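Report on the structure given below.
The values are calculated or read from the model by the stated rules, or taken from the named source; none is laboratory data. Bear in mind that the values here come from a model prediction, so they are computed numbers and not experimental data. Neighbour counts are summed over all protein chains in view; Cβ atoms, including those assigned to glycine, are modelled from backbone coordinates with ideal geometry.
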Protein chains: 2
Amino acid sequence: MHVLIIGAAGMVGRKLAERLTKDGTLAGRAVEAMTLVDVVTPDAPVGFAGSVTLETADLSAPGAAEKLVAGRPDVIFHLAAIVSGEAELDFEKGYRINLDGTRYLFEAIRLAHIEDGYRPRVVFTSSIAVVGAPLPFPIPDEFHTTPLTSYGTQKAICELLLSDYSRKGFFDGIGIRLPTICIRPGKPNKAASGFFSSILREPLVGQEAVLPVSDDVRHWHASPRSAVGFLIHAATIDVEQVGPRRNLSMPGVSATVGDQIEALRRIAGDKAVKLIRREPDETIMRICAGWAPGFDAKRARDLGFTADASFDEIIRIHIEDELGGSL
Amino acid sequence: MHVLIIGAAGMVGRKLAERLTKDGTLAGRAVEAMTLVDVVTPDAPVGFAGSVTLETADLSAPGAAEKLVAGRPDVIFHLAAIVSGEAELDFEKGYRINLDGTRYLFEAIRLAHIEDGYRPRVVFTSSIAVVGAPLPFPIPDEFHTTPLTSYGTQKAICELLLSDYSRKGFFDGIGIRLPTICIRPGKPNKAASGFFSSILREPLVGQEAVLPVSDDVRHWHASPRSAVGFLIHAATIDVEQVGPRRNLSMPGVSATVGDQIEALRRIAGDKAVKLIRREPDETIMRICAGWAPGFDAKRARDLGFTADASFDEIIRIHIEDELGGSL
């Protein structure tokens, strides 16, 4: 089977390619070829036995989607997007990349379907940003999408397109609403949500981290390893079981900042917790107030999607996958 | 004030222009100019004291939206769309007219806003087709949009765009999800939902009508007069009261086909009811099973939108507005 990953240079895309390399199979079939695409050239996964094609492409550029579909990949993971903050600052770019780019991909597949019956599995990463305050807790599967950002709007629109193109039989789409990925490896970034990761990631290696919100802020998390697991499962499940509602809120861990800190204390001790410096930031607190506290995710769980059991597990996964297994 | 009606040759657009002519004002201001646009030239409303401009334009054609926005109308009613059946048969046309056409309009307004601060009220007619079975009854305001047609998908996408463009301050948008309009005046048509109107409209003038479904089919209705009332109210209400969730399920009358028939009996007698010929049609029954039985519409009612009190009233409105006031 031939797997295409669009957005392969990102953190989740990279880990997905690594996982496919390790597994060697997807949905019970050998992965013989991978095409990895991003706006910057992705790295080839180390040790992959099949053929790898690395491409630099912007999905929103004319002809880019057609070129990617020309090789008729069996499974397409579409992870490419500009992030929430950038889509909010640059309205035109957000719609061009996050909406038009996705629509060009779907259209290219539709035209290939008309040509020769091509009908790939398409796994699309949506986001919990499709919902917006006021929100119940937990958020039921049937809650409406009322995004409060352009990024969330673009993801919600792509979800609708995914369902309609799937209903018409042009491809078999599954949209997965990813929780906030925690602990995101790498350096601190400027994202408003960055502190959820940094208050754990930095103290685990003896560095200070800033906490800009109060301990009672509740949010919805999944480890990078779980996120990759969702993608693999979405490529594997029987779409008939899913029915026409193709977009699923993924399971996760609903935790307050206080819960996160207590998990850190259990695993890395008081010494680590003392490295968290409280610097309340009214702007970030206001933004946070609109975020999802957690989802019911019953449909996804019933369909076999599984997340981390606790925040302790989320921290342990980070230690295993990013810190060589020990502190 | 200058009012632009896009889709002015349609039944609702025509009645809206007539109502504005009769009222002479909108949101407390005199209506001095109307621009009426459609893909076929609309009729000028009889007796309008202000200036009328009639235009033939396809919103999905390059430059059409910019031209309509150039006159900086204060209120824009966007009613133009191809209907559900056509959008289902012609996938490309549906997306071009119903999605791209609307997006071009929104973009033209955004660019005008950037140019000179232009910020009109935009009233967009959405549809109950944004939801799809399985559906609760009544459908709550917070129920997710899971359309089962391309038409419903296109309307749901435009709703999301409307909210985002409004949130960003490019215009003040209100999206109204119209119930099925009943009794639709005119001749029987091929729409699967056509029987809801024809089983009343034809017998009221002594003609036979075909009923293809069973008496217990429940659906969600509003008279043409109510639909126009919704549009006027949407152009009038304080958007601050509405908040960021700009799309509202309109109130209506939830009735079974049996309820409709009993209302007909009360108003026009057994003689009229006997003109309904039962010819069960499995295809239409299957399509009907996915339709909305009725909405809670609490938000819209709290915001002052009002619908017909009963099916008897819906029939009486038809007699007043279409049959000269008596049978």
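Some notes on this structure:
- Test: B:Asp259 is in the same structural domain as B:Thr283 (by TED's automatic domain parsing), touching a strand residue (DSSP E or B) at 6+ places or on another chain (Cβ under 9 Å), without any contact (Cβ under 8 Å) to a residue 60 or more places away in the chain and part of a helix (DSSP H, G or I): yes
- Leading residue by the ranking (surrounded by the fewest Cβ atoms within 10 Å (Cβ to Cβ)) among those in segment A:77-117 that are closer than 12 Å to A:Lys155 by Cα, within 11 Å of chain B (Cβ to nearest Cβ) and not aliphatic (A, V, I, L, M): A:Asp100
- Per the listing A:Arg245, A:Arg277, A:Arg265, the residue uniquely outside any strand (DSSP E or B) and more than 20 Å from the chain's Cα centre (by Cα) is A:Arg265.
- Matching residues in segment A:30-52 - criterion: being surrounded by 13 or more Cβ atoms within 10 Å (Cβ to Cβ) and either over 23 Å from the mean Cα position of the chain (by Cα) or assigned to a loop (DSSP other than H, G, I, E, B) (or both): A:Val31, A:Glu32, A:Val39, A:Thr41, A:Pro42, A:Asp43, A:Ala44, A:Pro45, A:Phe48, A:Gly50
- Restricting attention to segment B:16-45, the residues that are within 15 Å of B:Ala80 (Cβ to Cβ) and either without any contact (Cβ under 8 Å) to a residue 12 or more places away in the chain or not aliphatic (A, V, I, L, M) (or both) add up to 4.
- Taking segment A:130-161 as the range and being among the polar types (S, T, N, Q), more than 7 Å from chain B (Cβ to nearest Cβ) and in a loop (DSSP other than H, G, I, E, B) as the test, only A:Thr149 passes.
- Residue in segment A:281-293 that is more than 14 Å from every other protein chain (Cβ to nearest Cβ), polar (S, T, N, Q) and part of a helix (DSSP H, G or I) present: yes
- Test: residue in segment B:239-246 that is out of contact with any Ser or Thr (no Cβ under 8 Å at 6 or more places or on another chain), surrounded by fewer than 17 Cβ atoms within 10 Å (Cβ to Cβ) and within 14 Å of chain A (Cβ to nearest Cβ): yes
- Residues of segment A:136-160 that are over 17 Å from the mean Cα position of the chain (by Cα), buried (at least 24 other Cβ atoms within 10 Å of the Cβ) and more than 20 Å from B:Arg167 (Cα to Cα): A:Leu160 alone.
Rundown of residues vs (1) under 19 Å from the mean Cα position of the chain (by Cα); (2) in a helix (DSSP H, G or I); (3) at pLDDT 95 or above, yes/no style:
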| position | (1), (2), (3) |
| --- | --- |
| B:Glu88 | yes, yes, no |
| B:Lys93 | no, yes, yes |
| B:Arg96 | no, yes, yes |
| B:Thr102 | yes, yes, yes |
| B:Arg110 | no, yes, yes |
| B:Val123 | yes, no, yes |
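- Whichever residue in segment B:270-327 is of a type in the set (Phe, Trp, Tyr) and in contact with a His (Cβ under 7 Å, 6 or more places away or on another chain) and, among such residues, is nearest to B:Leu204 (Cα to Cα): B:Trp291
- Within segment B:53-76, the set of residues being over 16 Å from B:Glu107 (Cα atoms) and either exposed (fewer than 15 other Cβ atoms within 10 Å of the Cβ) or outside the structural domain of B:Phe170 (by TED's automatic domain parsing) (or both) comprises B:Thr53, B:Thr56.
- Residue within segment B:304-314 that is assigned to a helix (DSSP H, G or I) and farther than 17 Å from B:Leu178 by Cα present: yes
- Segment A:247-287, residues that are surrounded by fewer than 17 Cβ atoms within 10 Å (Cβ to Cβ) and small (Gly, Ala, Ser): A:Gly258, A:Gly269
- Residue that is nearest to the other protein chains (Cβ to nearest Cβ), among those in segment B:162-185 that are touching a residue at least 60 places away in the same chain (Cβ under 8 Å) and part of a loop (DSSP other than H, G, I, E, B): B:Phe170
- Positions within segment B:139-189 being of a type in the set (Asp, Glu) and in contact with an Asp or Glu (Cβ under 7 Å, 6 or more places away or on another chain), in sequence order: B:Asp141
- Entry remark, segment B:183-226: residues being within 30 Å of B:Phe106 (Cβ to Cβ), of a type outside the set (D, E, K, R) and at pLDDT 95 or above number 6 in total.
- So B:Val3, is it surrounded by 15 or more Cβ atoms within 10 Å (Cβ to Cβ), β-branched (Val, Ile, Thr) and under 30 Å from B:His318 (Cβ atoms): yes
- Under the condition of being surrounded by fewer than 21 Cβ atoms within 10 Å (Cβ to Cβ) and touching a Leu at 6+ places or on another chain (Cβ under 6 Å), the residues counted in segment B:200-227 number 1.
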